[in-house]
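The values are calculated or read from the model by the stated rules, or taken from the named source; none is laboratory data. Predicted model only: the values in this text are computed from it and were never measured. Counting neighbours? That spans all protein chains shown, and the Cβs are built from the backbone with ideal geometry, glycine included. The area values use the complete protein model at the heavy-atom level, side chains included, leaving out ligands, DNA and RNA. Shrake-Rupley method; radii C 1.70, N 1.55, O 1.52, S 1.80 Å.
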Amino acid sequence: MRKVYIMVMTIGVEALILWAVSRILDWNFVDIIFLGGILIFGAKWLFSLYLQQENNEYIAHIKGHTGQEAGRIKPFEYSVSSVDAGLLLFILGSLLITFATYYTYFI
């Protein structure tokens, strides 16, 4: 139940942030939700990748300069948490909303 609550809160916060951005830029909310959702998910994914890369560089630096074992270098494996699942559900929902809104343009 806690994971569902976190997913719903993630979707709500993301929608609120994108709504505020759409008001600041004076754009329609529908125009910004799909690409904004992808942008937020991509930023979180790239941040996770960056942290893993920095950790691997630190471990290699310690091993190279001192010879001490500071851990092992691991490949990047992205694991889906409740927040990530909420972000992905928001992207899926926003894709459906965007497609339904602009359906006449796709035909």
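When Arg72 is tested against the conditions (1) of a type in the set (D, E, K, R); (2) under 23 Å from Gly12 (Cα atoms); (3) open to solvent by 50 Å² or more (accessible area, probe 1.4 Å), the lone failure is (2).
When the range 1-15 is limited to residues that are closer than 14 Å to Ile91 by Cα and open to solvent by 50 Å² or more (accessible area, probe 1.4 Å), the one that is farthest from the chain's Cα centre (by Cα) turns out to be Val8. For the range 48-67, check the following and say yes or no: at least one residue is open to solvent by less than 70 Å² (accessible area, probe 1.4 Å) and not in a helix (DSSP H, G or I). Within the range 48-67, one or more residues are open to solvent by less than 70 Å² (accessible area, probe 1.4 Å) and not in a helix (DSSP H, G or I). Determine whether Ser48 is touching a Lys or Arg at 6+ places or on another chain (Cβ under 9 Å), in contact (Cβ under 8 Å) with a residue 12 or more places away in the chain, at negative phi and among the hydroxyl-bearing types (Ser, Thr, Tyr). No, not satisfied. Confirm whether Ser22 is in a helix (DSSP H, G or I), open to solvent by less than 60 Å² (accessible area, probe 1.4 Å) and modelled with pLDDT under 95. No; evaluated as a whole, the condition is false for this residue. Considering the conditions (1) within 30 Å of Val4 (Cα to Cα); (2) of a type in the set (Phe, Trp, Tyr); (3) surrounded by fewer than 14 Cβ atoms within 10 Å (Cβ to Cβ); (4) touching a residue at least 12 places away in the same chain (Cβ under 8 Å), Phe41 is excluded by exactly one of them, (3).
Scanning the range 52-107 for residues that are farther than 30 Å from Leu35 by Cα and of a type in the set (D, E, K, R), we see that the one that is modelled with the highest pLDDT is Glu57. Could you give me the residue pairs with C-beta distances under 6 Å whose first residue belongs to the range 15-36 and is touching a residue at least 24 places away in the same chain (Cβ under 8 Å) and more than 21 Å from Tyr103 (Cβ to Cβ), whose second residue is open to solvent by 50 Å² or more (accessible area, probe 1.4 Å) and not hydrophobic (A, V, I, L, M, F, W, C) wherever it lies, and which are 6+ apart or on separate chains? Pairs that qualify, where the first residue is touching a residue at least 24 places away in the same chain (Cβ under 8 Å) and more than 21 Å from Tyr103 (Cβ to Cβ) and the partner is open to solvent by 50 Å² or more (accessible area, probe 1.4 Å) and not hydrophobic (A, V, I, L, M, F, W, C): there are none.
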